[in-house]
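The values are calculated or read from the model by the stated rules, or taken from the named source; none is laboratory data. Just so it is clear, the model here is predicted, and its values are computed rather than measured. Every residue, glycine as well, gets a Cβ built from its backbone with ideal geometry; the counts of neighbours run over all protein chains shown. All accessible areas refer to the heavy atoms of the entire protein, side chains included, with ligands and DNA or RNA removed. Shrake-Rupley method; radii C 1.70, N 1.55, O 1.52, S 1.80 Å.
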Amino acid sequence: MKRLLWFASLTCALVAACTVNLIEPEGRACDANHPCGPGLTCQGNVCVFDEGLSGDGGGTGDDGGAVDDGGFDAGVDGGEDDAGVDAGTDAGTDAGMDAGTDAGTDAGTDAGTDGGMDAGFDGGYPPNTFFVDPAGDDSSDGRSPTTAWRTVAKVNSAALPAGSWVLFKAGGVWNESLAPIRNGSDGAPILFGSYGTGRPVLDGTGSSGNSAINANGKSWMIYRDFELRNWHGGFQLIYMANTHHVRFENLYMHDADKGFHASPSAPSTDITITDCVVQNISSGSYTHGASTPAGGTGWVVENSEFSNIEQSCFIDAATGTVLRNNSFFNCGKLTSTTDRHGIFLRGPGAVVENNEIYDVAGSCVYITFEGATVESNRLHDCSIAGIEWSETSTSAGVMRARRNLIWDVPTGITIGTATAQTFAISNNSLHTVRASGAAAAMGMLIKANTEVALENNLVTGSAATILSVNRPGPLGAFIDRTNVWHTTASSTAPFVWNGTPMSLAQYQSASGQTTSTGVDPMITSTTPSAPDFTLESTTSVRDYGVTNPATGMLTPGCDGAVDHYCGAAPEPGALELLTP
């Protein structure tokens, strides 16, 4: 039996909410993993009030909780023991809206998962919930759908307490910029979201604002479920400066000059972007899908899509950014002539894992700073390279690349000159045939004269040059160990060592590296547009690899984990045979 070793499937639709096992309030989508809160039932996959339950939450209880006519708790109960968010009674005779517990530790205010930023309150809406409707009235109190506010301007000026929810009516359109004046707090973020079916829209047409969401100076916020569109004239969909502890969830963002734009003059930290779609970003300066600033830390981007972006889909200058389980495609293919990559890493310590990056005018992943880890990605149909490293920073570090599938690119992996960076490249699978059927330029191009370790890689296809290594000057360690270098080209010199074409035997003699092979590894399919890199069970390179590549020790285990191997030793390439 054969399996992919590492690719995690995307379990959430990119335009759907991806919070699991939360109690959903009225108007939110519901299913087996998203049950409705007390007093609500799931009808047609939407939480609605159960008409069989009392809507006023009254009864004969001791705490006299105040509610509005729609059954929404206004949070002003007189109970001595609960935390002030239930609408019922401690005697248990209310309509099921009481989420309180004794000892004043109401379970209904649980901020959920994801580091306390998740607004999945167990008891329906929290006490300070405000509604916004294009047909509302800013002179109303905003505390129910029937007394909703009308404008974003009203929301922006409101003195919202920490932990508030501000819910915009789905399907409503506002030509205003959302720029609240108040912050949330640790454990009590302010949530801006939606109620009803669909998405509320922040449309830049005719707006005087510079962004759909302006998070300048904001902390402890959640923005989710909006559609953001039509912000041109040099503007962006989301602006951040000195922004901290903020989550952007399930946003559909399109047609603007910039997507997520973080000012480099006031770095933002602890930013999460999850389950978002960013499309059609063009016609302005720095037309990227998203950018992170130098000095920023704690950025996580996951389960999202960035597509049809004029320049690079994602530009990262922060420290330690994590990009995982995303799709980046059609990047840099409009009018721009610079910064045309899928992911452009301009900061240290980035982690790029389990992404698919393709249809890019530059390189799939372009790296200029130290310490990047590029792991378990699908990289294809990029015009320069699958992975390209070109030194900007001269700080010491290790660039690691492993378990990547790379195909339909001119060069699979390119490592430029380096002065301090070292390179650990292992268990990658490269196919050197373009989708057109033409041969790629080469499998790997290595120019660095610092330490380079190439181990357990599989390179196959029809490239005339399968490996080119140029090591001028004083040499650091160069390791070529248990790789498969295979080409079907008729060339008798598919290797280049310091500018001289050579056969495999000549290259091994000149480099002193003798443990790799040129045999056909027998991958399952060599289809140029979508090769299957799984090895045939009869392959001669089963158990051929080493267990201690420079990227990290591999240990026994037939479970498909990225750090495990099955059998006596690992197979070369990204995919492990899972039967001994």
task = Could you check how many residues of region 380-433 are assigned to a loop (DSSP other than H, G, I, E, B), in contact with a Pro (Cβ under 8 Å, 6 or more places away or on another chain) and within 16 Å of Ser363 (Cα to Cα)?
result = 3
ask   = In region 326-370, which residues are at pLDDT below 95, more than 14 Å from Cys382 (Cα to Cα) and either basic (Lys, Arg) or open to solvent by 30 Å² or more (accessible area, probe 1.4 Å) (or both)?
value = Leu334, Thr335, Thr337, Thr338
Region 436-486 - residue that is among the β-branched types (Val, Ile, Thr) and closer than 14 Å to Phe423 by Cα and, of those, modelled with the lowest pLDDT = Thr450
request  = For His232, state whether it is closer than 16 Å to Ser291 by Cβ and touching a residue at least 12 places away in the same chain (Cβ under 8 Å).
outcome  = no
inquiry  = Pairs needed: first member in region 131-147, at positive phi; second member anywhere, open to solvent by 50 Å² or more (accessible area, probe 1.4 Å) and modelled with pLDDT of 95 or more; C-beta distance under 9 Å; at least 6 residues apart or different chains.
reply    = Gly142/Lys154
ask   = Before we move on, is Cys313 over 25 Å from Phe168 (Cα atoms) and hydrophobic (A, V, I, L, M, F, W, C)?
value = yes
Residue that is least open to solvent (accessible area, probe 1.4 Å), among those in region 192-214 that are in contact (Cβ under 8 Å) with a residue 40 or more places away in the chain, in a loop (DSSP other than H, G, I, E, B) and small (Gly, Ala, Ser) = Gly204
message = Any residue at all in region 312-325 that's closer than 16 Å to Ile406 by Cα, open to solvent by 20 Å² or more (accessible area, probe 1.4 Å) and touching a residue at least 40 places away in the same chain (Cβ under 8 Å)?
response = no
query = What do you reckon, is Glu536 open to solvent by less than 20 Å² (accessible area, probe 1.4 Å) and either more than 30 Å from Arg471 (Cα to Cα) or of a type in the set (D, E, K, R) (or both)?
reply = no
task = Please work out if Ser490 is in contact (Cβ under 8 Å) with a residue 40 or more places away in the chain, closer than 30 Å to Gly437 by Cα and open to solvent by 50 Å² or more (accessible area, probe 1.4 Å).
result = no
query = Hey, among the residues in region 367-379 that are free of Cβ contacts under 8 Å to residues at least 40 places away in the same chain and in a strand (DSSP E or B), which one's nearest to Gly416 (Cα to Cα)?
reply = Ile367
request  = Working only within region 503-553, note down all residues that are closer than 30 Å to Gly397 by Cβ, without any contact (Cβ under 8 Å) to a residue 60 or more places away in the chain and of a type outside the set (Gly, Ala, Ser).
outcome  = Tyr507, Gln508, Gln513, Thr514, Thr515, Thr547, Asn548, Met553
key: Wholly enclosed strands (runs of 3 or more DSSP E) of region 263-337 bearing at least 1 residues more than 10 Å from the chain's Cα centre (by Cα)   = 269-274, 277-281, 290-292, 305-309, 314-316, 327-331
request  = Take Ala441 and decide whether it is closer than 23 Å to Thr373 by Cβ and surrounded by 17 or more Cβ atoms within 10 Å (Cβ to Cβ).
outcome  = no
ask   = What are the residues in region 554-578 that are over 17 Å from Arg402 (Cα atoms), touching a residue at least 24 places away in the same chain (Cβ under 8 Å) and open to solvent by less than 50 Å² (accessible area, probe 1.4 Å), if any?
value = Gly567, Leu578
query = Considering only residues of region 199-223 that are of a type outside the set (S, T, N, Q) and at pLDDT below 95, which is farthest from Pro161 (Cα to Cα)?
reply = Gly206
query = Is it fair to say Asp186 is farther than 25 Å from Asn128 by Cβ and either of a type in the set (Asp, Glu) or open to solvent by less than 20 Å² (accessible area, probe 1.4 Å) (or both)?
reply = no
